[in-house]
Every structure is written in C-alpha cells, then in structure tokens.
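Below is one structure, written out as structure tokens; comments come after it.
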Amino acid sequence: MNNMTEQHSVTAAEAAVTQNSETAQESLVQIDDLYKKFSISGDFLDQLKFKGGKLVREQEHVHAINGVSLEVMRGEALCVVGESGCGKSTVARTVMGLLKPSAGSVSYQGERIDNLNDRQLMPYRRKMQMIFQNPYASLNPRMTIQETLMEPVALHNPNWNATEVRDKVHEVMFSVGIDPSWGERYSHEFSGGQRQRISIARALAVDPEFIVADEPISALDVSIQAQVLNLLMDAQEQRNLTYLFITHDLSVVEHFGTRVAVMYLGTLCELAPTRTLFAKPRHPYTQALMSAIPRLEDDRPQHIKLTGEVPTPVNLPSGCVFHGRCPYANDRCKQQIPQLITTDEGGQVACHAVEEGRI
Ligand SMILES: Nc1ncnc2c1ncn2[C@@H]1O[C@H](COP(=O)(O)OP(=O)(O)OP(=O)(O)O)[C@@H](O)[C@H]1O
Ligand code: SF4
Ligand SMILES: [Mg+2]
C-alpha cells in the first residue's frame, strides 16, 4: 500500500473529520459491552463425557468477543485492526445482525437492533450495508451484474418502476467505474478488482448511510488495492457515508481511517484518532504492531518483537489477555482485567502500566 497516492488519501480523511465536526459528532452506531462466544462441542451427544464413572455434559466455547464497547460517529471511518482471529469479523457480523450477540447490545441511532427479527430489520438493512473480503464468493455466479444490482434496488424501493430501477443501477455502476453497458455479463467475466467494484456498487445501490467493510481490499492484487481504497474514500465524500472498516493492515489505516480501534483476543486495547495513534501509540500491543510497519525514517522506534504464542480464545488468559506476551506485565496484569481510560492525547487505552504511569 506504500505506493498509494498519499495526497488524495489524507484529503479524504480530513474531509471526513471536517464533516464530522459539522455534524456535531452524532453517534450513529453504538456497540455496548458486546460478547460473542461460539460453541465448539458439537451436538448434544458429542458433549457427553465419562468422568469419574459418571456421564457429564461438557461444552467448550471460542470466546471471540469479550466485552467490546465502541461508538461509530456519523461521517467517520472507524478502522478496526488486529491480528487474525482477534474477533474483527465477528464484530462486523454482529453489528450487521448476521450474528446474535451472546451478551451486550448493538444500537443504531440509539435504537437497539440486535434483538430484531428479519422483518423489523428491513429498514436498517437499507441503511447498513456490508462489503466482504472475497468478491468471488459474495457475488452470485448465476446472475448478470445488472440482475445482481437491480435486486436490492427493487426490494428497497417497491414503488419504483423498471426505468427508475435501471437508472439507479446505471448510476452506481458508472460511479464505481464499471461501464453500464457490461450489465448483461456475469461476475466470472470480471477481474478481482472489478468484482470488488461491483460488490461496492451493490452496497451503494440502496443509498446506505453506514457501510461495514470487512477486509475489502485484502484479497486483491497489491497493484489495485489503492484504486479500490480510493474508490471507497470518494464514495464516502460524495455520499456522506460512515464506515466501520476492518483490516489487519495498519499501513492502510494510516491513510484511510478517522479513528482506529486496536483489538487483541476479542478485547479492545486502544482507541484513538488516527494521527494520535500513529504519533504516540500507548498500548504495548499497539506499539508492537506499529513498530512492524516498514518506514523510511531513521528515527523510528526499534522493531518490538513479541515473544510467546497468541493464546487460544477457548481458554482465555486471566487478567489482561495480553499479559503472556507483554514486556511490561506484572502481577496485577495477571489478575485484573484493565479497563479503558482516557489519555491526555484524547484516545482511550486499556493497560495497567499506562494507568500507573509505568509507560
Ligand atoms: N462460526 C464460528 N464457530 C466457531 N468459532 C468461530 C466462528 N467464527 C469465528 N470463530 C472464531 O472466533 C475467533 C474470532 O474470529 P474472527 O473471524 O472474528 O477473527 P478475525 O479477526 O476476523 O480474523 P481474520 O483476520 O483471520 O479474518 C477465531 O478464533 C475464530 O476461529
Ligand atoms: S495491562 Fe499489563 S499485561 Fe496488559 S498491556 Fe498493560 S502492562 Fe501489558
Ligand atoms: Mg476476519
């Protein structure tokens, strides 16, 4: 991503911030103390075990999200970063209503949406759209591009006639750089980058206000990642969109996000405006992630090599989930879960050492 046009990117990120201040920081999506665990014990019979001569039922769970609270402000691009398996996609899917939380809630403009049924979710399905990592899997191979794009437009605008639907489809195809005259073609006739453009067009076709993008450029060739990222930023500016943008790649975030949320093992370590996070990362995990980004400057901090294995989310460590790999861990870290505190720089960080002034 280093060859990305920085000028363009910074301008778009700044535009989002300006827009944010104009709309007085309206909270659009609220994630409150969210937990999600998945059972990995199979069906009822698989769960039965003989122990001490008795038949007992044992259930094991993957604790994918463990008490995450986040607020997405209107007009911003809130990026969620972290290593594979830290729970990013689970957050994305739970926000979109594709997964039910085990505990906690998701609200849209203050209205709780995680407990709604499909019919009640319909108006939100129009306002909230999702773009997935893999444009090969997310487009139906048996439908033409035109059919793929007409379906959601017609569904969410039952009063529109065929011409109005087609005009809308042409408008979004044009805006994502796909020639509307290609509408009769099937998705397999397009390249990966073009397919992701079509997925973006499908999300934009219903005029959403909030888009969850789960690693939307990771499956694409490096040479076209920047183009698709620029397309997303242009769409944000032109259509007043708000993004929850999931990525494992911090270097993408630097050019794209308004704020960054760093996750580790299903918990939120740090949340800060992008510039603050890059200028002064506070959480030891954020510092380690940051030090791994290749940079040209000589004065960058030494690469922090984390020792130890990433623990499994089946048996979560006690206290701070990062304590087994953290160079600053002490006894308190092994026992007590750190809570988010607000820093002088305007971010939030969950770390005992920061709170105690040790780092
Ligand atoms: N349906 C499921 N059943 C069981 N475990 C699951 C399920 N979905 C996710 N998990 C587990 O939950 C944890 C979080 O997964 P998730 O996909 O949210 O991580 P991620 O941060 O998106 O990772 P990646 O960067 O690889 O996409 C992982 O340990 C994963 O194996
Ligand atoms: S709470 Fe302790 S173990 Fe966790 S990141 Fe801070 S210093 Fe490290
Ligand atoms: Mg994922």
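The values are calculated or read from the model by the stated rules, or taken from the named source; none is laboratory data. Remember, predicted model here, so these are calculated numbers, not experimental data. FYI the Cβ positions are ideal-geometry reconstructions off the backbone, even for glycines, and counts take in every protein chain you see.
In region 266-291, how many are assigned to a loop (DSSP other than H, G, I, E, B), in contact (Cβ under 8 Å) with a residue 24 or more places away in the chain and over 15 Å from the mean Cα position of the chain (by Cα)? Going through region 266-291 one residue at a time, the tally reaches 3. Of all residues in region 106-118, exactly one satisfies the criterion of being in contact (Cβ under 8 Å) with a residue 24 or more places away in the chain and loosely packed, with under 15 Cβ neighbours inside 10 Å, namely GLY110. Listed conditions (1) surrounded by 15 or more Cβ atoms within 10 Å (Cβ to Cβ); (2) more than 19 Å from ARG239 (Cβ to Cβ); (3) not small (Gly, Ala, Ser) are all met by ASN159, apart from (1). Quick check on my filter: what residues within region 99-113 are assigned to a loop (DSSP other than H, G, I, E, B) and touching a helix residue (DSSP H, G or I) at 6+ places or on another chain (Cβ under 7 Å)? Once the filter is applied, which keeps residues that are assigned to a loop (DSSP other than H, G, I, E, B) and touching a helix residue (DSSP H, G or I) at 6+ places or on another chain (Cβ under 7 Å), region 99-113 yields LEU99, PRO101, ILE113. Determine if region 243-250 includes at least one residue that is away from ligand 1 (no atom under 16 Å from the Cβ), surrounded by 22 or more Cβ atoms within 10 Å (Cβ to Cβ) and closer than 30 Å to GLN227 by Cα. Yes, the conditions are met somewhere in region 243-250. Considering VAL222, VAL212, VAL228, the condition of being free of Cβ contacts under 8 Å to residues at least 60 places away in the same chain and of a type in the set (Val, Ile, Thr) is satisfied by VAL228 alone.
Per-residue answers, yes or no, for (1) on the phi < 0 side of the Ramachandran plot; (2) modelled with pLDDT of 95 or more:
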site	(1), (2)
GLN109	no, yes
LEU121	yes, no
ASN159	yes, yes
VAL176	yes, yes
ILE198	yes, yes
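Looking at region 308-323 only, could you name the residues that are in contact with a Lys or Arg (Cβ under 9 Å, 6 or more places away or on another chain) and surrounded by 15 or more Cβ atoms within 10 Å (Cβ to Cβ)? Matches in region 308-323: VAL310, PRO311, PRO313, PRO317, GLY319, CYS320, HIS323. Within region 99-115, the set of residues being under 13 Å from SER69 (Cα atoms) and β-branched (Val, Ile, Thr) comprises just one member, VAL106.
Just to check your reading of the model, which residue among VAL106, VAL62, VAL81 is under 27 Å from PRO281 (Cα atoms) and of a type outside the set (S, T, N, Q)?
VAL81
Among the residues of region 189-198, none is identified as closer than 17 Å to GLU171 by Cβ and either within 16 Å of ligand 3 (Cβ to nearest atom) or in a loop (DSSP other than H, G, I, E, B) (or both). Within region 32-56, residues that are at pLDDT below 85 reach partners that are of a type in the set (Lys, Arg) with beta carbons closer than 9 Å, at six or more positions or on different chains, in the pairs SER41/ARG57; PHE44/ARG57; GLN47/ARG57; LEU48/ARG57; LYS49/ARG57; LEU55/LYS49; VAL56/LYS49. Considering region 238-260, the residues that are modelled with pLDDT of 95 or more and in a helix (DSSP H, G or I) include one that is farthest from ligand 3 (Cβ to nearest atom), namely GLN238.
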